[in-house]
């Protein structure tokens, strides 16, 4: 081929690489390249096509997420803006990623939270407030765990209906007899009956409660054993299942009963004059966020660590919590075992979910007398130990005592009707206030994470 024949196509090819004369402005981006978009709100759903239909998951771009957290109403009591300490996001990174993934697909994911505590949590006021606030933001995943039996006067849960009928022997790990068979389970309490017709009634929250008004699944944890009987499950009056618990091998297990996504009234009823041993129940939905309150009077890190693994492990594996909160340390009689107990509890949860996030909530303040203006040195020591342990182990920490107002704040809480006469226990009003501040701290922590990682949740399976 001659040069004249080659010249025309070569000149055309070279023209592709020539730049237009500069006009002092950057050239427009090619139409095929997307330009950055403003951060989408946290509750945004998957991007849509022009027809308004969601794009396929493998085609949808990963839009930025952002969360705006409204300030709490002004208060003269304590501090409202105590931040969660989490160096390098080591403690809560996985939880933040799960929340972000839930925000991207709010009808496809469920995030589970467990909240361990002592008597300051047994009314479910602090944890119940946390549940309402988080479900208001991320969706109602159902009430979660509900214990069986009557472990003490005043045991209750917020936003759920619960009643024990007939004779039940209730076992709690901090006092009294041990179960005849099996163990206490992950919650540290269980109940058994041999009375035909004895039952537990459980229902979703009443209409207008805001959360907990629907469920799509009932879970019953129970023990199989050699002398086990049968229990019947009724959903809205209709028999849903009869479960045989007699087995040559003693083991903890569970049954799940699917239901329509609606309000429900269920009953778990003993059938025979044989021993039925229950470890707890769950009302849940397939999407949103759910909080399991696992609180027992007198609980400590050391005592919970000694729960029997045979009944605990299957329950934790079934629940597979994404975030676990520990609010313990007020019972000073066992404080020497706090750090070793914490190690055991963290290892136990990581065995069931290696990516679980852990948040230590420090114990409330305590003063020795109603006129004391300084905290009991024992609670100061416990708080320092737990804060240091969290930092060393890569766990998150929230200082509840600082949220109360710090040194000697229990005295102010008492005189303002936020704590009881014993200067240990919070009233419902005080617990609700601190639950709101804890929820606010978690939301602020998540908002800050999204600022650093706006495409969080895109790679969560």
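Tabulated data for the structure shown
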{"item": "Sole exception among (1) over 19 Å from the mean Cα position of the chain (by Cα); (2) under 30 Å from residue 255 (Cα atoms) for residue 326, by number", "result": "(1)"}
{"item": "Tally, over the range 161-184, of residues that are closer than 17 Å to residue 276 by Cα and outside any loop (DSSP other than H, G, I, E, B)", "result": "6"}
{"item": "Residue match in the range 94-113 (condition: assigned to a loop (DSSP other than H, G, I, E, B), on the phi > 0 side of the Ramachandran plot and either under 17 Å from the mean Cα position of the chain (by Cα) or crowded, with 23+ Cβ neighbours inside 10 Å (or both))", "result": "no"}
{"item": "Residues located in the range 229-262, provided they are surrounded by 18 or more Cβ atoms within 10 Å (Cβ to Cβ) and outside any strand (DSSP E or B)", "result": "229, 245"}
{"item": "So residue 205, is it closer than 26 Å to residue 295 by Cα, more than 23 Å from the chain's Cα centre (by Cα) and at pLDDT 95 or above", "result": "no"}
{"item": "Condition check for residue 312: buried (at least 18 other Cβ atoms within 10 Å of the Cβ) and not in a loop (DSSP other than H, G, I, E, B)", "result": "yes"}
{"item": "Top-ranked residue in the range 349-369 [being within 18 Å of residue 313 (Cα to Cα) and in contact with a helix residue (DSSP H, G or I) (Cβ under 7 Å, 6 or more places away or on another chain); ranked as surrounded by the fewest Cβ atoms within 10 Å (Cβ to Cβ)]", "result": "355"}
{"item": "Unmet criterion (only one of (1) at negative phi; (2) in contact with a strand residue (DSSP E or B) (Cβ under 9 Å, 6 or more places away or on another chain); (3) free of Cβ contacts under 8 Å to residues at least 12 places away in the same chain) for residue 274", "result": "(3)"}
{"item": "Criterion: surrounded by fewer than 21 Cβ atoms within 10 Å (Cβ to Cβ), in contact with a helix residue (DSSP H, G or I) (Cβ under 6 Å, 6 or more places away or on another chain) and either touching a residue at least 40 places away in the same chain (Cβ under 8 Å) or on the phi > 0 side of the Ramachandran plot (or both) - qualifying residue of 423, 342, 418, 438", "result": "423"}
{"item": "Candidates 91, 78 - the one that is modelled with pLDDT of 95 or more, in a loop (DSSP other than H, G, I, E, B), surrounded by 11 or more Cβ atoms within 10 Å (Cβ to Cβ) and at positive phi", "result": "78"}
{"item": "Residue 375 vs. criteria farther than 21 Å from residue 87 by Cβ, modelled with pLDDT under 95 and assigned to a loop (DSSP other than H, G, I, E, B)", "result": "no"}
{"item": "Only one of 187, 127 that is under 19 Å from residue 276 (Cβ atoms) and at pLDDT 95 or above", "result": "187"}
{"item": "Condition check for residue 211: modelled with pLDDT of 95 or more, part of a strand (DSSP E or B), crowded, with 22+ Cβ neighbours inside 10 Å and touching a helix residue (DSSP H, G or I) at 6+ places or on another chain (Cβ under 8 Å)", "result": "no"}
{"item": "Filter pass, residue 399 being more than 24 Å from the chain's Cα centre (by Cα), surrounded by fewer than 23 Cβ atoms within 10 Å (Cβ to Cβ) and under 19 Å from residue 82 (Cβ atoms)", "result": "no"}
{"item": "Yes/no for residue 350 being part of a helix (DSSP H, G or I) and farther than 20 Å from residue 121 by Cβ", "result": "yes"}
{"item": "Some residue of the range 221-228 being part of a strand (DSSP E or B), within 21 Å of the chain's Cα centre (by Cα) and more than 25 Å from residue 129 (Cα to Cα)", "result": "yes"}
{"item": "Unmet requirement for residue 411, which otherwise passes all of (1) assigned to a helix (DSSP H, G or I); (2) touching a helix residue (DSSP H, G or I) at 6+ places or on another chain (Cβ under 7 Å); (3) more than 22 Å from residue 71 (Cβ to Cβ)", "result": "(2)"}
{"item": "Selection status of residue 139, at pLDDT below 95, at positive phi and surrounded by fewer than 23 Cβ atoms within 10 Å (Cβ to Cβ)", "result": "no"}
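The values are calculated or read from the model by the stated rules, or taken from the named source; none is laboratory data. These numbers were taken from a predicted model, which means no experiment stands behind them. Neighbour counts run over all protein chains shown; Cβ positions are idealised from the backbone, glycine included.
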